[in-house]
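K.L.:
Here you go, one structure.
The values are calculated or read from the model by the stated rules, or taken from the named source; none is laboratory data. Predicted model only: the values in this text are computed from it and were never measured. Positions of Cβ are generated from backbone atoms using ideal geometry, with glycine treated the same way; all protein chains shown enter the neighbour counts.
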Amino acid sequence: MFRLSGRVELLHAAALYNFIKGGSIQNAVHLLKYGNRPDLGIQFGREFGEKLLGSEHFILPDLIMPIPLHYRRLQERGYNQSLQFAKGISELTKVPIARHHLVKTKEINSQTKKNREDRFENVLDSFSVIKPKQINNKRILLVDDVLTTGATIEAAYRWLKDIPGIQIQLGLIALADG
């Protein structure tokens, strides 16, 4: 993932699809996020799980860690689309989900209309890690829906990278055009 090069050290990273404006994947992701279709996240997760199990590059992780939502956004939406994606992956791989270690502590404005610098500034201090010793020496599959500029992943990574022995792989539903 060239957008993260030099800023985020990952074992491996992959996206299922390219996110093209006006395309079917954009429509599906928008339904997942804003159309009350959590089932789409699970479906994408199952698809990613199949590819993960058949990959010669990815190493089966110890834990799947979804990018969290702030509790207010979670209340509005009713579910976390990244957690739904993680559930689908976990269903196939039997890898447990670590849903309470990386938390969103600061509510942020929507990222959709921001450039990379503004996105990073917006999310920089919005995460925190709870009970980091429980994920020492673990191989984590960090999952999110769409990578646009990489600001969210980079901000989460800043909190995870100093945990002793942690190794991070990245799984995405889609990679936005760049």
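K.L.:
Scan segment 129-143 for residues that are at pLDDT 95 or above and part of a loop (DSSP other than H, G, I, E, B) and jot them down.
P.N.:
Asn136, Asn137, Lys138
K.L.:
So which residues in segment 141-152 are among the aliphatic types (A, V, I, L, M) and farther than 15 Å from Phe48 by Cβ?
P.N.:
Here is the first cut: in segment 141-152, the residues among the aliphatic types (A, V, I, L, M) are 141-143, 146-147, 151.
Passing the criteria: only Ala151.
K.L.:
Identify the residue in segment 144-167 that is assigned to a strand (DSSP E or B) and in contact with a Pro (Cβ under 9 Å, 6 or more places away or on another chain) and, among all such residues, is surrounded by the fewest Cβ atoms within 10 Å (Cβ to Cβ). First the steps, then the outcome.
P.N.:
Looking only at segment 144-167, we keep the residues that are assigned to a strand (DSSP E or B), and these are 144-147, 167.
Filter again for in contact with a Pro (Cβ under 9 Å, 6 or more places away or on another chain), leaving 144, 167.
Values: Asp144: 21, Gln167: 17.
My answer is Gln167.
K.L.:
Take the residues in segment 79-128 that are small (Gly, Ala, Ser) and modelled with pLDDT under 95; name whichever of them is surrounded by the most Cβ atoms within 10 Å (Cβ to Cβ).
P.N.:
Ranking the qualifying residues of segment 79-128, first place goes to Ser126.
Conditions tested, residue by residue: (1) out of contact with any helix residue (DSSP H, G or I) (no Cβ under 9 Å at 6 or more places or on another chain); (2) of a type in the set (Val, Ile, Thr).
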{"site": "Glu47", "(1), (2)": "no, no"}
{"site": "Ile59", "(1), (2)": "yes, yes"}
{"site": "His70", "(1), (2)": "yes, no"}
{"site": "Ser82", "(1), (2)": "no, no"}
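K.L.:
Got a number for residues in segment 83-104 being touching a strand residue (DSSP E or B) at 6+ places or on another chain (Cβ under 7 Å) and without any contact (Cβ under 8 Å) to a residue 40 or more places away in the chain?
P.N.:
6
K.L.:
Now a separate question. Kindly indicate the residue of segment 129-143 that is in contact with a His (Cβ under 7 Å, 6 or more places away or on another chain) and among the aliphatic types (A, V, I, L, M) and also surrounded by the fewest Cβ atoms within 10 Å (Cβ to Cβ) among those meeting that condition.
P.N.:
So the residue we want is Ile130.
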